[in-house]
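Any read-out appearing in this document is the output of simple, stated calculations on the displayed coordinates, not a laboratory observation. Owing to the predicted nature of the structure, the values given are computational and were not obtained by experimental measurement. Backbone-built Cβ (ideal geometry, glycine too); neighbour counts: all protein chains shown.
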Amino acid sequence: MNESPDVVSSLRRTERVVESQELARGNASEISGPIILDTYRVIADFTKTSKHEIDLHTGDLVEIVEKNQNGWWFCQGESKRGWVPATYLEPLDGPDEAEDAEPNYEGELHVVVRAYKAEQDDEISLDLGETIEVIHKLLDGWWVVRKGEETGHFPSMFLQAAGKRERLEAQRTTLHKPPPRRSTIRNAKSIHNKSSRRPSQDSYRRASRRYLQQKGGRLAEPAGNTKSPLRERKNHENIPEQSGSSSESEARKETPVVPPRPSAELILERCSDNTRQRVSIHRARSGSGKDSGTPDSTPASTPASTPASTPAAHTLENTE
């Protein structure tokens, strides 16, 4: 029976034997069986900048030998092998990378081993030695990290897991620069009509804040912006706010003050005629020999608490 020659389809995975020295670039070991390599398509021309990289042209198909987390993938074409940026490649099945992990808003602690200044709006600037949390590891080498409430993309090759002393992946692969962002690639031509479903930076930020609120309660607001419900209501009604010292003084003013006890002279001056007559009769009976110009403090206290129109005063008058 005649057999037609094998035809390698560009739209399916191919099966080849890849020697381990090509995988490890010099390590002596052997692979006994075949492995399946993923085929990716090049979306834009790429010109190598070092001997470890290879040139790519739009529409080329390459097989991925190693997907490195720093965003540089080791691939092979018809007659060349080398490192290329993952952002220049797209899967044949769809625009999204199927092997990308899901976001983990609990975060993994990492330390910044090389400073980076943000160049895009969705990136974040970090200094050497800062500790941050990685919330989404993406295979294009640009991880989403969280610092406080702020989130942004950051080169994974400039991060190292907290507590580990391993050498940087960038040093092991002799690559010292992060791969370019997909958004910076000019004349990119995809075979997929639909766009990527990757979350926006705003979506990351909202989901991260929601997770932190559920985990540890409401995030602490800056001290200068903290307002009580009453102050918030006043602000909503456009009522001008007062400083804390003014509020305290107002509160003190509203507290009633106990008046001082009136003196005996003031009592005699302002009391009624009946009360003044009663005090005079009491002095005449006492015959104490005190100075007649000085009111007695004892009887003076009595009229202060007894009104002139009381039954006691009338009784005293009737007796006289």
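Details
- Prolate/oblate/rounded call for the stretch 108-216, Cα gyration tensor, a/c under 1.5 rounded: oblate
- Taking 36, 43 and counting other C-beta atoms within 10 Å, the order from fewest to most: 36, 43
- Ascending count of other beta-carbon atoms within 10 Å, so fewest first, for 186, 276, 146, 261: 186, 261, 276, 146
- Between residue 52 and residue 273, the simple spin-label model (points 7 angstrom out along Cα→Cβ) gives 11.7 nm.
- Relative to the current alpha-carbon distance between residue 147 and residue 176, full extension at 0.36 nm per residue lengthens the span by 8.0 nm.
- Summed side-chain charge close to residue 112 - residues other than residue 112 whose Cβ falls under 9 Å, Lys, Arg +1, Asp, Glu -1: -1
- A Förster radius of 56 Å combined with the Cβ-Cβ distance from residue 119 to residue 258 puts the calculated FRET efficiency at roughly 0.20.
- With neighbours defined as other Cβ atoms within 10 Å of a residue's Cβ, the residues 100, 127 order from fewest to most as 127, 100.
- In this structure, the residue pairs whose Cα-Cα separation is over 24 Å, taken from 67/164; 80/137; 147/215, are 80/137.
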